[in-house]
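**Q** Here you go, one structure.
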Amino acid sequence: MPAKTPLFPPIPLASVGIVLAATIGFALFGRLNGLAASPPGEPIERTALIRFADRPDGAITVSGASDGRLIVVIAPRSDDFLRATIHSLAYGRELSHLGPDLPFRLTMWRSGRFTLEDPATGWHIDLEAFGATNAAAFVPLLGEGRTS
């Protein structure tokens, strides 16, 4: 009688289990230590509702949602982190079959944290997780912003 072949090879299965356990552990550690989410009621320093638009020359325009005022033009082939962040949120809208009509919310918290949120999809990015330099790239996008 031939030996039974396991349904799943034990070594790859154990590897997947270890990676999954580590991922859950890191996420739990971040949540419990305040690294993964904004504490409720954290004071807002400034916030701005903004819209992004791609131009044919490869630039991205950022304008205020309430008045359409141009805040900044991101030149083609510049600010790679900023571009990748904006495009990841735009991709989320594509997946949800939503258009560019609703504005994004950029918030600077009193603690120095920055978040970029898409109220249409519920996606948000804690920008400080990518380092102070990358988060600082979003400061000009606040424009005048609303100070609380």
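**Q** Does residue 81 satisfy the condition of being among the hydrophobic types (A, V, I, L, M, F, W, C), in a strand (DSSP E or B) and at pLDDT 70 or above?
**A** It is false that residue 81 is among the hydrophobic types (A, V, I, L, M, F, W, C), in a strand (DSSP E or B) and at pLDDT 70 or above.
**Q** Please identify the pairs in which a residue from region 82-109 that is within 19 Å of residue 140 (Cβ to Cβ) has its Cβ atom under 7 Å from the Cβ atom of a residue that is part of a helix (DSSP H, G or I) and among the aliphatic types (A, V, I, L, M), counting only partners at least 6 apart or on another chain.
**A** From residues that are within 19 Å of residue 140 (Cβ to Cβ), the pairs are 104/89; 106/141; 106/142; 108/142.
**Q** Let me ask you something else. Give just the number: which of (1) in contact with a Ser or Thr (Cβ under 8 Å, 6 or more places away or on another chain); (2) within 23 Å of residue 80 (Cβ to Cβ) does residue 120 not satisfy?
**A** That leaves (2) as the condition not met.
To keep it simple, each residue is scored yes or no on (1) in contact with a strand residue (DSSP E or B) (Cβ under 7 Å, 6 or more places away or on another chain); (2) of a type in the set (Val, Ile, Thr); (3) part of a helix (DSSP H, G or I).
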residue	(1), (2), (3)
101	no, no, no
117	yes, no, no
121	no, yes, no
128	yes, no, yes
133	no, yes, yes
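**Q** Out of all the residues in region 51-70, which are in contact with a Leu (Cβ under 6 Å, 6 or more places away or on another chain) and of a type in the set (A, V, I, L, M, F, W, C)?
**A** 62, 65
**Q** When residue 104 is evaluated against the numbered criteria (1) touching a helix residue (DSSP H, G or I) at 6+ places or on another chain (Cβ under 7 Å); (2) over 22 Å from residue 56 (Cβ atoms), which criterion, by number, is the only one it fails?
**A** Evaluating residue 104 over (1) touching a helix residue (DSSP H, G or I) at 6+ places or on another chain (Cβ under 7 Å); (2) over 22 Å from residue 56 (Cβ atoms) leaves (2) as the failure.
The values are calculated or read from the model by the stated rules, or taken from the named source; none is laboratory data. Small disclaimer: the values here were computed from a predicted structure and weren't measured. When we count neighbours, we look across all protein chains shown, and the Cβ atoms used for this are built from the backbone with ideal geometry, even at glycine.
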